[in-house]
Amino acid sequence: MSETKIDKIVLAYSGGLDTSVMLRWLKDKYQCEIVCYCADVGQGAEMEGLEEKAKATGASKLYIEDLRDEFVRAYVWTSVKANAVYEGVYLMGTSLARPVIAKRQIEIAQKENADAVAHGATGKGNDQVRFELTYYALQPDIKVIAPWREWEFGGRTDLIGAALIEVRIKNAFHFERRRLFVLGEHRVRRREARAVKIGAQPEMYRQRHN
C-alpha cells in the first residue's frame, strides 16, 4: 500500500549544519513545500540572517517565534520551584525547551494545513522523545519525520560532505543559549578527536548577562 502523499512539512529549523541539510533532503525526498520554523528561547543574535538562508536552501517561508516569555513562565520557573536539577548539578535548559518548541511547531502546522512536522533531534539523549510525545499529545494524527532515523548519513562529517561545503571551525565549541543557561559542547566528536588537539579558548567562558 502506498504512503499518503505529503504536500507540506513544517521543519524545526536552526540554520545550523544539520537542519540546513535536512531542509534540502526533505525537499528532494518528498518533493513538497517546506515551511521552516525557528523558536527564540533566548539565543538572540544566532538567528540573524536565517530567513534568507532558509529560503536560499529551499524553504517557502520561515517563522521566527519569540517564545521566551512562555518558556520562562511555564517551564523554567516551574522547574526552579521544583528544584529540577539533573543529578544535582545539571540545569535542564535544553530538555525543558523542547516541549514549548514542539507545541508552537504543531500550532504552525495547523495554521499552514501541513501534513507533517520534522525535527533535527539525533538519537543522543531523549530529544526525539520530547519532540514527538508533544506532537502526538497535541495532534495524534500528525505525520512525524525524523531524518536522523531515515537518511543515509551516519554523522556530521557525512553531512559536511553532503552539503559540499568547506568548513573552517572558528571556534571549537558549539553553544546552546537558553534563558536558563548556556550549554557548551565540543564540536570535534570523539571519533575525530584523536587527530585534533584543541586547548581551552576564551569563548568557553562566555556568560549571559540579560
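The values are calculated or read from the model by the stated rules, or taken from the named source; none is laboratory data. Remember, it's a predicted structure, so these values are computed and weren't measured experimentally. Note that we place each Cβ from the backbone using ideal geometry, even for glycine, and neighbour counts take in every protein chain shown.
Residue check: Arg104 meets all listed conditions (1) under 27 Å from Lys8 (Cα atoms); (2) more than 16 Å from the chain's Cα centre (by Cα); (3) charged (D, E, K, R) but one, namely (2).
Matching residues to (1) at pLDDT 85 or above; (2) over 17 Å from Thr19 (Cα atoms); (3) outside the structural domain of Ser95 (by TED's automatic domain parsing); (4) not aliphatic (A, V, I, L, M):
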position	(1), (2), (3), (4)
Ala118	yes, no, no, no
Arg187	no, no, yes, yes
Ala193	no, yes, yes, no
Val196	no, yes, yes, no
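If Glu51 satisfies all but one of (1) under 22 Å from Arg149 (Cα atoms); (2) modelled with pLDDT of 90 or more, what's the number of the condition it fails? Against the list (1) under 22 Å from Arg149 (Cα atoms); (2) modelled with pLDDT of 90 or more, Glu51 comes up short only on (1). Tell me yes or no: at least one residue of region 83-90 is in contact (Cβ under 8 Å) with a residue 60 or more places away in the chain and either touching a helix residue (DSSP H, G or I) at 6+ places or on another chain (Cβ under 6 Å) or over 20 Å from Gly120 (Cβ atoms) (or both). No, because not a single residue in region 83-90 is in contact (Cβ under 8 Å) with a residue 60 or more places away in the chain and either touching a helix residue (DSSP H, G or I) at 6+ places or on another chain (Cβ under 6 Å) or over 20 Å from Gly120 (Cβ atoms) (or both).
Among the numbered conditions (1) free of Cβ contacts under 8 Å to residues at least 24 places away in the same chain; (2) surrounded by fewer than 19 Cβ atoms within 10 Å (Cβ to Cβ), the only one that Asn113 does not meet is (1).
Note on region 1-25: among residues that are over 15 Å from the mean Cα position of the chain (by Cα) and either part of a helix (DSSP H, G or I) or small (Gly, Ala, Ser) (or both), the one that is farthest from Gln110 (Cα to Cα) is Ser2. Listed by position, the strands (runs of 3 or more DSSP E) contained in region 48-152 that have at least 3 residues being among the hydrophobic types (A, V, I, L, M, F, W, C) and out of contact with any Ser or Thr (no Cβ under 8 Å at 6 or more places or on another chain) are 116-118.
Annotation for region 120-130: at least one member residue is in contact with a Phe, Trp or Tyr (Cβ under 7 Å, 6 or more places away or on another chain) and either farther than 23 Å from Ile6 by Cα or of a type in the set (A, V, I, L, M) (or both). Taking the conditions (1) buried (at least 18 other Cβ atoms within 10 Å of the Cβ); (2) without any contact (Cβ under 8 Å) to a residue 40 or more places away in the chain; (3) closer than 20 Å to Asp115 by Cβ in turn, Gly58 satisfies each one other than (1).
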